[in-house]
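Notes for the one structure printed next.
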Amino acid sequence: MNRRNALIAASGGSALLAGGGLAWFVLRTQPETAAAVAALYGQTFDDARGVAQPMDQWRHRWLVVNFWATWCAPCVEEMPGLQRVARDYADRKVAVVGIGIDRADAIRRFQADLKLELPLLVAGATGSDIARTLGNPTGALPYTVLISPTGELVQSHLGLLQPEMLRSWLDARLSH
């Protein structure tokens, strides 16, 4: 075998190993993600007014969960866009819920100041742990996930989520 053929064979072998490793990682994490989504649906959080809100109430819908905080500038920036998407897609079995990594009084003031109608729940530091189980290893904010009506985590985004991106996620899935 000449040098060129050996190089091609080595490159092909490397690509095969990389592809196999990626497939193993994806298949390995699916049960973990399914368990994390199931655990999320088992949670109950108080809303900004102190009323207990079970996550299970949004099961069997498209669920956008945004992990955020009042002290996070990109989180504050994206919230009005999330409100618009929530309003525009409400009649299409889509719910948008904010899980605040914050104190109840700060979330309550924030919701009142921005006149937000979407559910803003109070999770405190526990919210970061939940976000980690849903694919955010750093716990950085904002972090948004889209969960299908069957409970599958189908999309996630770390950082500022533009409303257009969220609309494209939803439109792609609601058109089926």
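The values are calculated or read from the model by the stated rules, or taken from the named source; none is laboratory data. A quick note: this is a predicted structure, and the numbers were derived from the prediction, not measured. Cβ atoms come from the backbone with ideal geometry, glycine included; neighbour counts cover every protein chain shown. Side chains included, ligands, DNA and RNA excluded: accessible areas come from the protein's heavy atoms. Shrake-Rupley method; radii C 1.70, N 1.55, O 1.52, S 1.80 Å.
At-a-glance table
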| read-out | value |
| --- | --- |
| The lone exception for THR33 - which of (1) of a type outside the set (Lys, Arg); (2) at pLDDT 95 or above; (3) surrounded by 13 or more Cβ atoms within 10 Å (Cβ to Cβ) it fails | (2) |
| Strands (runs of 3 or more DSSP E) fully within region 65-176 counting 3 or more residues that are within 25 Å of ALA38 (Cβ to Cβ) and either open to solvent by 10 Å² or more (accessible area, probe 1.4 Å) or basic (Lys, Arg) (or both) | 153-158 |
| Matching residues in region 48-64 - criterion: being over 16 Å from ASP105 (Cα atoms), open to solvent by less than 60 Å² (accessible area, probe 1.4 Å) and not β-branched (Val, Ile, Thr) | GLN53, PRO54, MET55, TRP58, TRP62, LEU63 |
| Subset tally (residues that are farther than 12 Å from VAL65 by Cα and hydroxyl-bearing (Ser, Thr, Tyr)) for region 124-176 | 7 |
| The listed residue being closer than 16 Å to PHE45 by Cβ and in contact with a helix residue (DSSP H, G or I) (Cβ under 9 Å, 6 or more places away or on another chain), out of VAL154, VAL145, VAL94 | VAL145 |
| Every pair of residues 6+ apart whose Cβ atoms lie under 7 Å, when the first sits in region 33-49 and is in a helix (DSSP H, G or I) while the second is hydroxyl-bearing (Ser, Thr, Tyr) | ALA36/THR133; ALA39/THR133 |
| Unique match (being closer than 21 Å to PRO80 by Cα, of a type outside the set (Gly, Ala, Ser) and in contact (Cβ under 8 Å) with a residue 24 or more places away in the chain) among LEU153, LEU134, LEU161, LEU174 | LEU161 |
